[in-house]
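**Q** Take a look at this one; I'll ask things after.
The values are calculated or read from the model by the stated rules, or taken from the named source; none is laboratory data. Just so we're clear, the structure is a prediction, and the values are computed from it rather than from any experiment. For the accessible areas, the whole protein counts, side chains as well, though only heavy atoms, and no ligand, DNA or RNA atoms are used. Shrake-Rupley method; radii C 1.70, N 1.55, O 1.52, S 1.80 Å.
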Amino acid sequence: MADYFISVLLGIIEGLTEFLPVSSTAHLRIAEALLQIDLHDGYWKMYTIVIQLGAILALPVYFRKAIARFLSSFPSGEQGDRTVLTHPLGLTLIAFVITAIPSWLLKKQIGQNLENLTVIAWAILIGGVIMWIVDAVFTRPRTAHMEEMNLPQAAWIGAVQILSAVFPGTSRSMCTIAAAQVAGLSRSAALEFSFFLSMPTMAVATGYDLLKTIAPHHHDASDAAIAPLSMNVHGWVVLGIGFVVSFIVALGVVAWFMRWVRARGFAPFAIYRIVLGVGLLMLIASGLI
């Protein structure tokens, strides 16, 4: 029963925080410390990957109409003024590639930072300050809709997204949203492009982590592994609960977040990050986590 409760709780945390600019990685690490579970254990490592897949699935479900529209208009666009390099889907893939290559080369540093709760705490705090400043300063966007984006804007957003990989706690969505606002996108356009960019980014990153977990002999021998066929019914049920809960919560969060941002902006999330970062640093300093 305890495992079922933990699965529901972690599924909720993942679903709530994956697409909000508050860092799901940080919240899962905090939950790990407070619940005294080892998310680096083979089973729980796979579990965190699976619930992230649940959250990822919420995006193509929510944006299914927009995805269908973009696919049908590729590459010339709905107005006939786009190319492979300037169509929204092309811009999404370009931003993804710009992020993916440096992130792959820096994977050892990324792994070390994932283990460092102090780095995560500072990333949460500094990211909150930056987000608050950007949201307050860049209030006159030049690009109102994602369909109006250009290549330099997409390249800039992809480059900034690298920070979220190198410094866990920075938040992938915070980096892409703030970068998009600096590049002249409106809040809603910044958020929509952030969601679209997260689909290939998270799918590839999560797929790679899953491959390392189930087949470590093809990668680093130090990676923990779990063979799915050796799992019992209890293990599969716990896994399924987390996946479903994460998907449902993430789907609700995406729908709510799109409505919220159009009316209110990102300042409340920046304040939350600052409070969380300071609180986490105090807990670390006191030795409580």
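**Q** Excluding residues fewer than 8 places away in the same chain, name every one of the lysines whose C-alpha is closer than 18 Å to that of LYS108.
**A** LYS45, LYS212
**Q** Quick one: order SER7, SER286 from most to least accessible surface, probe 1.4 Å.
**A** Details: SER7 0, SER286 70 Å².
From most accessible down to least: SER286, SER7.
**Q** For every helix of n ≥ 4 consecutive DSSP H residues, a contribution of -39,500 (n - 2.57) applies; sum these over the chain, divide by its total residues, and give [θ] at 222 nm rounded to the nearest 500 deg cm²/dmol. Write down the numbers at each step before the final one.
**A** On the way: 12 runs with 213 residues, N = 289.
One gets -25000 deg cm²/dmol as the mean residue ellipticity at 222 nm.
**Q** Compare LEU93, LEU35, LEU20, LEU59 by solvent-accessible area with a 1.4 Å probe and give them largest first, with all protein chains kept in place. Spell out each step's value before the answer.
**A** Numbers: LEU93 100, LEU35 55, LEU20 20, LEU59 0 Å².
Final ranking, largest accessible area leading: LEU93, LEU35, LEU20, LEU59.
**Q** Report ASP38's accessible area, 1.4 Å probe, all protein chains in place, as a number in Å² to the nearest 10.
**A** 80
**Q** Computing the accessible area with a 1.4 Å probe over protein heavy atoms, can you report the carbon and sulfur percentage for the chain?
**A** Working: 9360 of 13450 Å².
Carbon-and-sulfur percentage of accessible area, whole number: 70.
**Q** Let me test this: with uniform point scatterers at the alpha carbons of the chain, what is the Debye-based log₁₀ I(q)/I(0) at q = 0.06, 0.13, 0.15 1/Å?
**A** Taken in order of the listed q values, log10 I(q)/I(0) reads -0.19, -0.90, -1.19.
**Q** Taking a ≥ b ≥ c as the square roots of the eigenvalues of the Cα gyration tensor of region 79-154, is the shape rounded (a/c under 1.5), prolate (a/b larger than b/c) or oblate?
**A** Working: a/c = 4.77, a/b = 1.45, b/c = 3.28.
Oblate, because a/c is 1.5 or more while a/b does not exceed b/c.
**Q** Also, quick follow-up: Rounded, prolate or oblate, given the Cα gyration tensor of region 1-108, with a/c below 1.5 counting as rounded? Let's see the in-between values first.
**A** On the way: a/c = 3.48, a/b = 2.05, b/c = 1.70.
Prolate shape, in that a/c is at least 1.5 and a/b is the bigger ratio.
**Q** Further, regarding this structure: For the chain, what is the accessible area per residue in Å² when the probe is 1.4 Å?
**A** Values: 13450 Å² over 289 residues.
I get 47 Å² per residue for this part.
**Q** Over the chain, what is the relative contact order in percent, taking alpha-carbon pairs closer than 8 angstrom and at least six residues apart?
**A** On the way: 424 pairs, mean separation 101.5, N = 289.
The normalised contact order for the chain reaches 35 percent.
**Q** Give me a comma-separated list of calculated 3J(HN,Hα) values for region 262-272, in order, Karplus coefficients 6.51, -1.76, 1.60 applied at θ = phi - 60°, integers in Hz, x for any Gly or Pro.
**A** 4, 9, 10, x, 10, 4, x, 6, 5, 5, 4
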